[in-house]
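Remarks on the structure that follows.
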Amino acid sequence: MEKQQRKLSSYEWIFLTGYACWLFFCLMNLTEWRSLFPIKDFRFYFTYLGYGMLALYLWEGRGRLAASRFLMAAGLMVIGILAAHFSETIMASAMVAWLIAAGGVDKRRLLKVFAAVTGAVLAITFLSILFGYLPNLIQEGESVRVRYRLGFTFTSYASHLILFLSLTLIAIYERLRWWGLVLLLGANYLAFRFTDTKTDMYLAIPLLILTFLVSACKMDHTISRMQVLIILIPVLLLLVSYGAQYFFDAGNETWAKADEILSSRIRLGHDMMMSTPHTLFGQKIKWVGANRGLRMTYNFVDNSYLHEGLELGVAYLLSMMGLYTYAMYRFVKKRRIMLIIAATGVMIHGLIDPQLISLTWHPFLLFGSLLFEEKEPSAGRNEMNRDHKTGQLAMQ
């Protein structure tokens, strides 16, 4: 018999509702609908709602939140505010507020909200194209590749969302059967066929096959053999990211081939690293990507680690990596192998696209809020439990 889930608290209802609304407008702002409705204004207002959620969380958890955890949350909030000030990016501090406030929310339900909202936005956008309400534009400036936007403002957005939705579903159900593998591979392949986003497909195929094999063979026991390595995955990927871009040599045949496969991502990152100094709390950078028009000089870094390190600062980047590392520690402690695979997939994706530190694109950074839990968890709350018969996750 399936284990009955704990009833949502009033705070959780408020947070999940606010999070769903904020996420919906953030995702709709990535579609062509934003030119037809004032979606950007709604997104702006709901972004500020994150500060209200943080205040409510601190009030609701007063007396139960350990002093050390409160100080860590306060320190992180200060870093977020400073990063937002120097980079002129309000989302930097708003994301920190949402992240800390998520400490009082059941994480499995949070994953479900993300999956539901993302699925709804994808369905609305695709149906709008089908019935002629939105144009299915071809990306400008592509001389050879035919890349459809599928109703989004940039050609790779739909592909990214389908990949992250696939990883979220894996994290929710903690298993992947053969028919699920076929469906998810099919969805990612269709996204590739229309958008020609090769990097997403390169990542989706091995990740989904690995997930299926681990699920079929019940390989949870392998976690204990590699627990230190797994916990340090965020740190290792950060070092690999910076190392590759720092030591890049255009005259080396191996480096040149790797850069060609990754569509010049390593070279562009190297050039930006050499020309732009890092700061502690960030700086304003005018990014110019492929969707800004052909008359503007391209100035963009797709690597999440370098992108955020340059714009939001070293303190912000290291704080987020610390939260990812803590989340991996909790996954290892509770033997959540599917969550490990899903979160690792997001972090690997961060090497090639700038969505690693973004609550709009995926919910996995919110697991860092496990650090800001109450000091004395009540029964069924603030713990990661699993019904081993059903495989269902109940994580606070």
* Check on Ile39, of a type in the set (Val, Ile, Thr), free of Cβ contacts under 8 Å to residues at least 24 places away in the same chain and buried (at least 19 other Cβ atoms within 10 Å of the Cβ) -> yes
Exception for Ser159 within (1) surrounded by fewer than 16 Cβ atoms within 10 Å (Cβ to Cβ); (2) at pLDDT 90 or above; (3) hydroxyl-bearing (Ser, Thr, Tyr) falls at (1)
Of those in segment 189-225 that are part of a helix (DSSP H, G or I) and of a type in the set (Lys, Arg), the residue farthest from the chain's Cα centre (by Cα) is Arg225
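Checking the structure you have, find out if any residue of segment 115-136 is modelled with pLDDT under 90, in contact with a strand residue (DSSP E or B) (Cβ under 7 Å, 6 or more places away or on another chain) and not in a helix (DSSP H, G or I).
yes
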Does segment 226-248 contain at least one residue that is in a helix (DSSP H, G or I), in contact with a Lys or Arg (Cβ under 7 Å, 6 or more places away or on another chain) and either modelled with pLDDT of 95 or more or over 30 Å from Tyr148 (Cβ atoms) (or both)? no
Here the residues within segment 221-243 that are closer than 29 Å to Arg267 by Cα, in contact (Cβ under 8 Å) with a residue 40 or more places away in the chain and not β-branched (Val, Ile, Thr) are Leu232, Pro234, Leu237, Leu238, Ser241, Tyr242
Selection from segment 308-362 of residues assigned to a helix (DSSP H, G or I) and touching a strand residue (DSSP E or B) at 6+ places or on another chain (Cβ under 9 Å) yields Arg330, Phe331, Lys333, Met338, Leu339
The lone condition Gly186 fails out of (1) free of Cβ contacts under 8 Å to residues at least 12 places away in the same chain; (2) over 21 Å from Ala342 (Cβ atoms); (3) in a helix (DSSP H, G or I); (4) not β-branched (Val, Ile, Thr) is (2)
* Say whether the condition of being assigned to a loop (DSSP other than H, G, I, E, B) and at pLDDT below 90 is met by at least one residue in segment 263-278. => yes
Subset of segment 156-183, residues in contact (Cβ under 8 Å) with a residue 60 or more places away in the chain and over 30 Å from Lys218 (Cα atoms), comes to Ser156, Tyr157
**Report entry** Any chance Leu165 is buried (at least 24 other Cβ atoms within 10 Å of the Cβ), under 15 Å from the mean Cα position of the chain (by Cα) and either at negative phi or not hydroxyl-bearing (Ser, Thr, Tyr) (or both)
**Finding:** no
Taking segment 50-69 and keeping residues surrounded by 16 or more Cβ atoms within 10 Å (Cβ to Cβ) and among the hydrophobic types (A, V, I, L, M, F, W, C) leaves Met53, Leu54, Leu56, Leu58, Leu65
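The values are calculated or read from the model by the stated rules, or taken from the named source; none is laboratory data. Small disclaimer: the values here were computed from a predicted structure and weren't measured. Positions of Cβ are backbone-derived with ideal geometry, glycine not excepted, and every protein chain shown enters the neighbour counts.
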